[in-house]
Each structure stands twice: as C-alpha cells, then as structure tokens.
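Written out below as structure tokens is the structure these notes cover.
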Amino acid sequence: APLGAVLADTERTVQVWSKHSQGYTLSVSGTQYKVTIRTPRVAELAKYMPVQQDEDHSKTLRSPMPGKVHSLAVTEGEHVRVGQELCVVEAMKMQNVLRCEKDSIVAKIPVSVGQSVAVDEIIIEFADPEEPPKGT
C-alpha cells in the first residue's frame, strides 16, 4: 500500500518494494531507492565505516563452488563465444559445466585439470577481443 512522506519539503507518495537486511527498497515517482534504517548512534558511526567497492569480475571465470577442475575445453589465446563450454568443475560428485558469458579471448588459465579450486578462485582470465592475450 502506498505511504505518504515528506521529502525535501514536498509531500510524496512512496511505495515499499521490498525489505532487506538493513532497510527497504522504496519507489518514489517511479524511481527506486534503497533506504537504510539506522538508529541515530549507528548513523553517526556509519560515516567512519569504509565503503565496500564492488570488484570487476567481467574478465575472469571464477569457481562458483569448491571442487576439482574435471576438464578444460579451451586453451590460452583461443577466441571464445557466448555459451561456449569453458571447463567442467566437479563438486560433490556432480559435474558443473561453466560457459562463456561474452565473446572474448582466453588470456590465461592459472589452473590445471585435476586441481582443487576454492569458491571464487580464478579458473580463466580473459582479454577483450581487441586486446592481445596476456603473456604473449
């Protein structure tokens, strides 16, 4: 149900879209905002907390789970296309096929078949098609 709120001295209709761990996602005039709810003391201390930066993982294939590299379907320097099989990671007796998310070039493969990998461990590094592969 829409709520009434005063924002910057203007009365607005606000709709609650979802609740998350520290607040809500609200919609005002069709635009969504993530709002954090804090006590005055926590809000005062929050300015001293470091802001977590999102890492760019677009040029890597990372292991989605702990497991073992069962097979590699590509080699360094190879051009790969969206949907192409890159490797298979075996976890809990299941083989998980990892596929390419965008057209690129395999720059480096720092793992080998049979090697154990942890969650988020880099399996393949990519270069953009216009960039030369690393190490060549």
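The values are calculated or read from the model by the stated rules, or taken from the named source; none is laboratory data. The structure displayed is predicted, hence computed values, not measured ones. Note that each Cβ is placed from the backbone with ideal geometry, even for glycine, and that neighbours are counted across all protein chains shown. We work out accessible area using only protein heavy atoms, side chains counted, and drop any ligands, DNA or RNA first. Shrake-Rupley method; radii C 1.70, N 1.55, O 1.52, S 1.80 Å.
Would you please list the contacts, defined by Cβ atoms under 6 Å and residues six or more apart or on different chains, that run from a residue in the range 34-57 that is within 20 Å of Tyr24 (Cα to Cα) and free of Cβ contacts under 8 Å to residues at least 60 places away in the same chain to a residue that is assigned to a loop (DSSP other than H, G, I, E, B) and open to solvent by 100 Å² or more (accessible area, probe 1.4 Å)?
From the range 34-57, the pairs are Thr36/Gln22.
Within the range 73-115, work out how many residues are closer than 18 Å to Lys59 by Cα, in a loop (DSSP other than H, G, I, E, B) and open to solvent by 70 Å² or more (accessible area, probe 1.4 Å).
6
For the range 43-72: of the residues being part of a loop (DSSP other than H, G, I, E, B) and among the hydrophobic types (A, V, I, L, M, F, W, C), which is modelled with the lowest pLDDT?
Applying the first criterion (part of a loop (DSSP other than H, G, I, E, B)) to the range 43-72 yields 47-59, 63-66.
Checking which are among the hydrophobic types (A, V, I, L, M, F, W, C) leaves us with 49, 51, 65.
Values: Met49: 86, Val51: 78, Met65: 92.
Looking at the filtered set, the residue picked out is Val51.
Scan the range 74-116 for residues that are free of Cβ contacts under 8 Å to residues at least 40 places away in the same chain and among the hydroxyl-bearing types (Ser, Thr, Tyr) and jot them down.
The answer is Thr75, and nothing else.
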